[in-house]
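Enquirer: The structure that follows is given in the form of structure tokens.
The values are calculated or read from the model by the stated rules, or taken from the named source; none is laboratory data. Treat the numbers as computed from the prediction; the structure is a model and nothing was measured. As a convention, Cβ positions derive from the backbone with ideal geometry for all residues, glycine included, and neighbour counts pool all protein chains shown. Keep in mind that these areas ignore ligands, DNA and RNA; they rest on the heavy atoms of the full protein, side chains included. Shrake-Rupley method; radii C 1.70, N 1.55, O 1.52, S 1.80 Å.
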Amino acid sequence: GKKLHPLLDALENVPKTGKCSYVPADYSGSALEENVQVYNRDRQNVEPFEGTHEDAFRALSRRPGRKTWAYLGSSLGNDLDPVPFLKQIASHCGPRDRVFLGIDLATHQDKPIGVINAAYNDSEGITEKFILNSLAVVSQRAGLQNLDQDKFRLLSEYNTTSHAVEMFAECVVPCTVTANDGTEFVRSFEKGDRIFIEQSGKFAEEKIKDMIETSGFVQKRRWSDTNGYFAIIELGPNLAGTA
């Protein structure tokens, strides 16, 4: 939500002929409320939508008017294959709709692997706390004992074949995970054992081109930072392809 706020601020200064609404969508009601509070409901017509992205696509596509679908940040890289997701968006786009897509670019001449690895192994340990917190969430939901964060460390590695940062929780102290108040054995971990948590894919230029075309879009405009690390691409429906 916060990544979109500069665009919404700029939109306030653009002449409009009708009502313009900001509809943040998330399955977490608390995240939506935080988003609204940060942005300030009085500055824009804010209509939070709680549900899955499939629910949001169906509900919002039925509303009249031109729509701008925004998927910023680098969340697209969490999906092994983002094309089905993008095809979903395309299937709900009207002919005048547009999509703002955030892209985290793969390594290239001006973006060496070290830059990416440093981002996921920050000295403040913010990424490690975020990733290892997933162990606490799993323990709580599954009723596990001894899957403690202090028995693991974050291991982030950039895979040059898949162009993705792969994040693991690596065991640093042998431990035995149990359930049912310690009466049921689940599994044991030895030092060096890893649990795959998630990946964050980066996109090479050829993959971006193929992804856009396969999903049923055409690129309208593109913006990048001065270092060429990231990009925001404006997409429109490929009307020629659906004729």
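Enquirer: Round to the nearest 0.05 the FRET efficiency obtained for VAL137 and ASN117 when R0 = 22 Å and r is the Cβ-Cβ distance.
Expert: The pair VAL137/ASN117 has a calculated efficiency of 0.30.
Enquirer: Report the calculated FRET efficiency for SER162 and GLN37 (r = Cβ-Cβ distance, R0 = 30 Å), to the nearest 0.05. The partial results should precede the final answer.
Expert: Numbers: r = 38 Å, r/R0 = 1.26.
Calculated transfer efficiency: 0.20.
Enquirer: Heavy-atom accessible area per residue, the chain, 1.4 Å probe: how many Å²?
Expert: In whole numbers, the chain has 59 Å² accessible per residue.
Enquirer: How long are the semi-axes of the ellipsoid equivalent to the chain, from square roots of 5 times the Cα gyration tensor eigenvalues, in whole Å, largest first? Could you put the intermediate results ahead of the total?
Expert: Details: eigenvalues 273, 108, 62 Å².
Rounded to whole Å, the semi-axes are 37, 23, 18.
Enquirer: Shifting gears a bit: If you find the alpha carbon centre of region 19-40 and of region 44-108, how far apart are they in angstrom?
Expert: Using only Cα atoms to place each centre, the spacing works out to 15 Å.
Enquirer: Estimate the FRET efficiency between GLN109 and ARG187 by the formula 1/(1 + (r/R0)^6), using the beta-carbon distance for r and 41 Å for R0, to the nearest 0.05.
Expert: Working from the Cβ atoms, E equals 0.40.
Enquirer: Calculated from DSSP H runs of 4 or more alone, at -39500 (n - 2.57) each and per residue, what is the 222 nm mean residue ellipticity of the chain, nearest 500?
Expert: Values: 8 runs with 76 residues, N = 243.
Computed mean residue ellipticity for the chain: -9000 deg cm²/dmol.
Enquirer: Add +1 for every Lys or Arg and -1 for every Asp or Glu among the other residues with Cβ under 13 Å from the Cβ of ASN117, and state the total.
Expert: On the way: positive: LYS111, LYS202; negative: ASP122, GLU157, GLU166.
Overall, the nearby charge balance is -1.
Enquirer: Figure the gain on full extension for ASP55 and PHE85 (residue separation times 0.36 nm, minus the Cα-Cα span) and round it to one decimal in nm.
Expert: On the way: separation 30, 0.36 × 30 = 10.80 nm, distance 1.31 nm.
Taking ASP55 through PHE85 to full extension adds about 9.5 nm, to one decimal.
Enquirer: So for SER74, SER200, what's the accessible-area order with a 1.4 Å probe, most first?
Expert: Details: SER74 45, SER200 5 Å².
So, going from the largest accessible area down, we get SER74, SER200.
Enquirer: For a quick check: with amide H placed at 1.01 Å from N, whose amide H comes under 5 Å from TRP69's, ignoring anything fewer than 5 positions away on the same chain?
Expert: So TRP69 has HN proximity to ARG98, VAL99, PHE100.
Enquirer: Oh, and also: Please turn the phi angles of region 89-102 into ³J(HN,Hα) values with the Karplus equation 6.51 cos²θ - 1.76 cosθ + 1.60 (θ = phi - 60°), one per residue in order, whole Hz, x for glycine and proline.
Expert: 4, 4, 5, 9, 7, x, x, 9, 6, 9, 10, 9, 10, x
Enquirer: Past 32 Å, Cα to Cα, is the threshold; run LYS3/LYS111; LYS87/LYS111; LYS3/LYS191; LYS19/LYS209; LYS3/LYS220 against it and keep the listed order.
Expert: Violating the 32 Å Cα-Cα cut-off are LYS3/LYS191; LYS19/LYS209.
Enquirer: Where in region 17-100 are there trypsin sites (Lys or Arg not before Pro) that are in a DSSP coil and have at most 14 other Cβ atoms within 10 angstrom of their Cβ?
Expert: LYS19, ARG62, ARG66, ARG96
Enquirer: Related question: Exposed loop sites here are GluC sites (Glu not before Pro) in DSSP loop states with at most 14 other C-beta atoms within 10 Å. What is the longest stretch of the chain lacking them?
Expert: Result for the longest clean stretch: 13-123.
Enquirer: Quick one: work out the % antiparallel among DSSP beta bridges in the chain, nearest 5.
Expert: 80
Enquirer: Need the full-extension length gain, ASN13 to ARG194, defined as separation in residues times 0.36 nm minus the C-alpha distance. One decimal, nm. Walk me through the numbers on the way to the answer.
Expert: Numbers: separation 181, 0.36 × 181 = 65.16 nm, distance 5.06 nm.
Extending this stretch completely gives an extra 60.1 nm.
Enquirer: On to the next question. Quick one: what are the phi-derived ³J(HN,Hα) couplings along region 125-141, Karplus 6.51/-1.76/1.60 with θ = phi - 60°, whole Hz, x for glycine and proline?
Expert: So the J values, rounded to whole Hz, are x, 5, 5, 4, 4, 5, 5, 5, 4, 4, 5, 5, 5, 4, 4, 5, 5.
Enquirer: Another question about this same structure. Taking the Cβ of PHE152 as the center, what net charge do the other residues with Cβ under 10 Å away carry, scoring Lys and Arg +1 and Asp and Glu -1?
Expert: Residues close to PHE152 contribute a combined charge of -2.
Enquirer: Relative to the present Cα-Cα distance, how much length would full extension add between ASP150 and ALA204 at 0.36 nm per residue of separation?
Expert: 15.8 nm
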